[in-house]
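Report on the structure given below.
The values are calculated or read from the model by the stated rules, or taken from the named source; none is laboratory data. Nothing here was measured: the structure is a model prediction, and the numbers come from that model. Ideal geometry is used to build each Cβ from the backbone, glycine not excepted, and the neighbour counts take in all protein chains shown. SASA here: full protein model, heavy atoms, side chains in, ligands and nucleic acids out. Shrake-Rupley method; radii C 1.70, N 1.55, O 1.52, S 1.80 Å.
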Amino acid sequence: MEAGFTPTGARRRQSKTWKRITQTQSLCSYWLKRADSHVSRSFARHLKACGLVASEWAAIRQLYRPNRMSPVEIAQAIGMTKGGASKLVDRLVKKGLAIKSVGEFDRRFRTVELTEAGRGRVPRFARFVDDTDREIFGNLKRRRRLLRTLKRVVHTRRPKEAQTE
């Protein structure tokens, strides 16, 4: 009889060895991603109702300070490309939330600042974000503990063997 076949001629199932792995639902990274997705979707719905997207909120939040910013500074602050930030600024100008100005000494230089309408929206959205944060993540002590843990994750260096994979 040939190897790999039963006496009736049917092919015998090859037994494969496998190692048990951790269930996805027991990984912190799984729940962190799910939580991020849940919070982001909820916030995106609220922003959409107000006619904004998350990147526009990030930009007007950065612009909510006494100093003007250039589109390049906005890009760096919110993690976008210069081209993406330039288009973003154009959308904010079109929506009446920001003003773009030409530099006095160098006409190639542009600055961006919020209009009164843009400046008025930021505190309302910030309050909503703060309320949502409290509602989802609990009391101040619990949120601070979570923040410390998340910051530690972000600032922890990966082992060399994991970096090369």
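I'd like to check something: does region 130-149 contain any residue that is loosely packed, with under 15 Cβ neighbours inside 10 Å, modelled with pLDDT of 90 or more, more than 27 Å from Arg34 (Cα to Cα) and not hydroxyl-bearing (Ser, Thr, Tyr)? The answer is no; no qualifying residue exists. Taking the criterion of being open to solvent by less than 60 Å² (accessible area, probe 1.4 Å), more than 15 Å from Ala117 (Cα to Cα) and β-branched (Val, Ile, Thr), the only residue of region 32-68 that qualifies is Val39. Counting only helices (runs of 4 or more DSSP H) that fall entirely inside region 19-108 and contain at least 3 residues that are under 15 Å from Val122 (Cβ atoms), the qualifying elements are 28-49, 54-63, 71-78.
Cβ separations smaller than 9 Å between residues 6+ apart or across chains give the following pairs from region 37-52 residues that are under 17 Å from Phe137 (Cβ atoms) and among the small types (Gly, Ala, Ser) to residues that are in a helix (DSSP H, G or I) and open to solvent by 40 Å² or more (accessible area, probe 1.4 Å): Ser40/Ala54; Ser42/Ile136. Against the test of being of a type in the set (Val, Ile, Thr), touching a residue at least 24 places away in the same chain (Cβ under 8 Å) and surrounded by 13 or more Cβ atoms within 10 Å (Cβ to Cβ), the options Val72, Val112 yield a single qualifying residue, Val112.
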